[in-house]
Structures are given as C-alpha cells and as structure tokens.
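The values are calculated or read from the model by the stated rules, or taken from the named source; none is laboratory data. For clarity, every value in this text was computed on a predicted model and none was experimentally measured. Note that each Cβ is placed from the backbone with ideal geometry, even for glycine, and that neighbours are counted across all protein chains shown. In case anyone asks, the SASA skips ligands and DNA or RNA and just uses the protein heavy atoms, side chains included. Shrake-Rupley method; radii C 1.70, N 1.55, O 1.52, S 1.80 Å.
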Amino acid sequence: MVDALAESQDKQLYQSTLRSATETRRLQTGFLIAEKLKRQTAAESAQKEAAAAQEKEKADLAKRLADEFVELQQEFPELAEFSAVPKSVLDAAVKGKNLTDAYLRYQRAESKKMSAAKATQEQAAKASAGSQAEGAGETTNPTIDAMLAGVWAR
C-alpha cells in the first residue's frame with residue numbers, strides 16, 4: 001500500500017510536471033507568435049510609411065516642376081507644352097536644379113555644339129584643295145604674275 005501510494009504520488013507529480021511543461025511550451029509558442037506578429041506589423045507599418053513618404057515626394061516634385069514650368073514658359077513662350085522640354089533638362093530638374101536654369105544650360109550646351117560643328121566645317125572647307133576653276137593653282141602675287149606674263153608673251 002505504501003508502494004501504491006508512492007507510485008500514485010509519482011504519477012501525479014509526473015502529470016503535474018508534464019502539464020506545467022506543456023503550459024510553458026504553449027506560453028513560449030504564444031509569445032513567439034506574438035513577437036512575430038509584432039515584427040510583421042512594424043515592418044508593414046514601416047513599408048506603408050515609406051510608400052507614403054515616396055508618394056509625398058513624387059507629389060512635391062510634380063508640384064515644383066509644374067510651378068517652374070510656368071516660370072519657364074514666361075521666359076520661353078515657344079515651349080507650349082511640358083512635353084517640349086528636353087529629357088536632359090527634366091533629368092537635371094529632377095536632380096534638384098531649377099527648370100529654367102537647366103533649360104538655359106541646355107541651350108548653352110547646344111549653342112556650343114553648333115559653334116564647334118560650324119568651326120569644324122569651316123576648317124574642313126579651308127583645308128580642302130578646292131576647285132581647279134578657282135585660279136588653277138596660279139598665284140596672286142603681282143611680281144610673279146608680271147614675270148609669267150613676260151615669259152608667255154614672247
């Protein structure tokens with residue numbers, strides 16, 4: 001009977017320990033799930049905030065470009081539509097430059113390109129042999145012309 005009583009107490013202690021361990025495991029699992037949900041919620045919240053900030057940034061950029069385009073049109077009425085603004089100008093404006101400033105820089109760069117092309121073309125024209133009809137290689141030195149006239153006149 002004492003053995004049965006001791007065995008019964010051991011079983012009760014074992015069952016109690018097992019229940020306690022199971023309960024602890026459930027609590028740990030619940031805690032882990034709660035932590036995971038908390039992290040997911042924080043990550044989703046951060047993503048939403050980042051998306052909202054990005055949308056606000058885009059809206060601010062669009063408003064700034066619209067305001068600067070009105071200013072640009074006052075200076076350059078030939079730009080009737082926003083699509084007429086060159087891509088390089090828009091890229092510079094998106095990076096932070098004023099639209100009018102970027103357009104003036106673009107015009108200056110294009111002017112330099114045209115001047116360089118014109119200078120290259122003029123140099124090429126001067127360096128070419130030219131037409132044979134334009135003097136046929138004769139000189140315009142009056143002394144040489146007089147001498148040649150004397151030689152050929154005989």
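The figures follow:
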| item | result |
| --- | --- |
| Any hit, the range 47-63, residues being surrounded by fewer than 10 Cβ atoms within 10 Å (Cβ to Cβ), without any contact (Cβ under 8 Å) to a residue 24 or more places away in the chain, hydrophobic (A, V, I, L, M, F, W, C) and in a helix (DSSP H, G or I) | no |
| All positions within the range 17-45 that are open to solvent by 90 Å² or more (accessible area, probe 1.4 Å) and β-branched (Val, Ile, Thr) | Ile33 |
| Residue match in the range 120-134 (condition: part of a helix (DSSP H, G or I) and surrounded by 14 or more Cβ atoms within 10 Å (Cβ to Cβ)) | no |
| Pairs where the first residue, in the range 83-101, is without any contact (Cβ under 8 Å) to a residue 12 or more places away in the chain and the second is open to solvent by 50 Å² or more (accessible area, probe 1.4 Å) and not in a helix (DSSP H, G or I), C-beta under 9 Å, 6+ apart | Ala84/Glu78 |
| Residue in the range 64-79 that is basic (Lys, Arg), under 52 Å from the mean Cα position of the chain (by Cα) and within 26 Å of Gly96 (Cα to Cα) present | yes |
